[in-house]
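The values are calculated or read from the model by the stated rules, or taken from the named source; none is laboratory data. Everything numeric in this text was worked out from a predicted model, so none of it was measured. With ideal geometry, Cβ positions are generated from the backbone for all residues, glycine too; neighbour counts draw on all protein chains shown.
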Amino acid sequence: MKSDNDTDLFGEEKNGGALKTAPLARRMRPTSIDEFVGQDHLLQEGSLLRRMIESDRFTSIILYGPPGTGKTSLAHIIAETTKSCFERVNAVSSGVSEIRQVVGRAKMRLHQTGQKTMLFIDEIHRFNKAQQEVLLPDVEDGHIILIGTTVENPFFYIVSPLISRSHVFELRVLSKEALKKLLQRALTDTKNGLGALHIEIEEEAVQCWIDHAEGDARRFLNTLEVAVFSTTACEDKIVITRTRAEESVPGRVFRHDRNGDSHYDIVSAFIKSMRGSDPDAALYWMARMITAGEDPRYIARRIIICASEDVGNADPQALGVASAAFTAAQYLGMPEAQIPLAQAAVYVATAPKSNACSSAISLALEDIREGQMMDVPVHLKDAQYPGAKQLDRGQGYLYPHSYEHGYIKQEYLPKQRKYYTPSDRGYERIIKRHLEKLRNLSEANLRE
């Protein structure tokens, strides 16, 4: 529901006056679902979010995704289509008192006219726990319908009671094709875009912007605008070469908050690349962490974990290499530490893999948690103290080194359990053959 003054709910003049001086990305903001570019997984025909927008039947929603993927644009579209009263709050500049005022107006409106209120909170992750919890009773009772946007994973930053009362929709970075579609629209739109100008852009220049934008539509369009208005027209034509495009690209900003979603995503990709035996991917994700200023000891700890959990006894040396990299990182610091870290990551990535040890300890712990508390057999109990013999401690223990092959079959668990099953990969093949040899010796001893 639009307001009756000369500006809309997002502070833009209805007659377009303020919009003319706004950046290109803001001028090209879509006004309907059909104009929206990207996010087909959310807005295709018949999808839940599209049905909610077209029918104006909303429950509270949270729009989550990286910058420049269309979260605010979707809020604009909802504001234009809803019959509810649409109010906007910015989490950066607003506090509890403003929220209470909005909620107070919403209750009065609902009581007097029956009209619902849709509350749009931009950057809702910036609200602390207390501010978020102020919303809960009124979201629960239906006094307000919440629409929140956030660049951070809501399951990390939004209180769980608010999450449980909302639909979370994740927006993804825009594809190359979607960015090219935005470019074409900006170059042909004579009202809000650059259609009034005669612009010629080399394909390599477009590719340069796409590479830089990393799926961020705002960054893509604003870089285009800088390139156009910083290029002198020749014969009434603006020609943008790759060189001009590169000049218009600002310094790259890496999105890697050490306490946020991108941090955990990149760490996850790093570990999974090592586990998946892809050294090139492991090096790339490690380089992302290094460039973002990640603590080298943190990176080294992730390599150690992978060396033990995913390589294990398939290559026992992997743990030693990873531990040595941790020590080297402590001694060297950055940037020199990146070399032993790279060496260790490549070693772990290219080593044969086995999670047999990791699975084995998990099974043993599961038995303990389920109450499998076995008594230590008498012959295994400590016999190194006065009176132990009187209590029969250690009686009947067979010392393996006193026997051929350094092995003799005896009971080590009152109830036989199988936790460790070595694989056929790497050094574990040798372990497996050795255990089979010991098993054969035991069977031979029993026959004798």
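Observations on the structure shown:
- Selection of region 300-339 for residues being surrounded by 19 or more Cβ atoms within 10 Å (Cβ to Cβ), of a type outside the set (A, V, I, L, M) and farther than 18 Å from SER273 by Cα yields ASN313, PHE326.
- On inspection, ILE62 qualifies as in contact with a Gly (Cβ under 9 Å, 6 or more places away or on another chain) and either of a type in the set (A, V, I, L, M, F, W, C) or under 18 Å from ASP141 (Cα atoms) (or both).
- Tally, over region 310-348, of residues that are in contact with a Gly (Cβ under 6 Å, 6 or more places away or on another chain) and under 15 Å from TYR298 (Cα atoms): 0
- In region 82-97, the residues that are part of a strand (DSSP E or B) and surrounded by 14 or more Cβ atoms within 10 Å (Cβ to Cβ): CYS85, PHE86, GLU87, ARG88, VAL89
- The residues of region 183-205 that are touching a Lys or Arg at 6+ places or on another chain (Cβ under 7 Å) and either under 21 Å from PRO67 (Cα atoms) or not aliphatic (A, V, I, L, M) (or both), listed by number, are ASN192, GLY193, HIS198, GLU200, GLU202, GLU204.
- The set of residues from region 116-135 being in contact with a helix residue (DSSP H, G or I) (Cβ under 8 Å, 6 or more places away or on another chain) and over 16 Å from ARG100 (Cβ atoms) comprises LYS116, MET118, PHE120, ASP122, ILE124, HIS125.
- Selected residue (criterion: farthest from the chain's Cα centre (by Cα)) from residues of region 137-156 that are in a helix (DSSP H, G or I) and under 16 Å from ILE61 (Cβ atoms): ASP138
- Any chance GLY46 is within 14 Å of THR149 (Cα to Cα), in the same structural domain as PHE156 (by TED's automatic domain parsing) and in a loop (DSSP other than H, G, I, E, B): no
- Residues satisfying the stated conditions in region 360-371, i.e. exposed (fewer than 15 other Cβ atoms within 10 Å of the Cβ) and within 28 Å of ARG297 (Cα to Cα): ILE361, SER362
- Cβ-Cβ contacts under 7 Å between residues 6 or more apart (or on different chains), taken from a first residue in region 417-442 that is under 22 Å from ALA351 (Cα atoms) and touching a residue at least 12 places away in the same chain (Cβ under 8 Å) to a second residue that is acidic (Asp, Glu) and not in a helix (DSSP H, G or I), are listed as GLY426/ASP315; TYR427/ASP315.
- Within region 377-432, the set of residues being hydrophobic (A, V, I, L, M, F, W, C), within 26 Å of GLU366 (Cβ to Cβ) and part of a loop (DSSP other than H, G, I, E, B) comprises just one member, LEU413.
- Subset of region 421-433 [surrounded by fewer than 17 Cβ atoms within 10 Å (Cβ to Cβ) and in contact with a helix residue (DSSP H, G or I) (Cβ under 8 Å, 6 or more places away or on another chain)]: THR421, ASP424
- Remark: pairs (first residue in region 189-218, not assigned by TED's automatic domain parsing to the domain that holds ARG242; second residue surrounded by 18 or more Cβ atoms within 10 Å (Cβ to Cβ) and not charged (D, E, K, R); Cβ separation under 9 Å; 6+ apart in sequence or on different chains) are absent.
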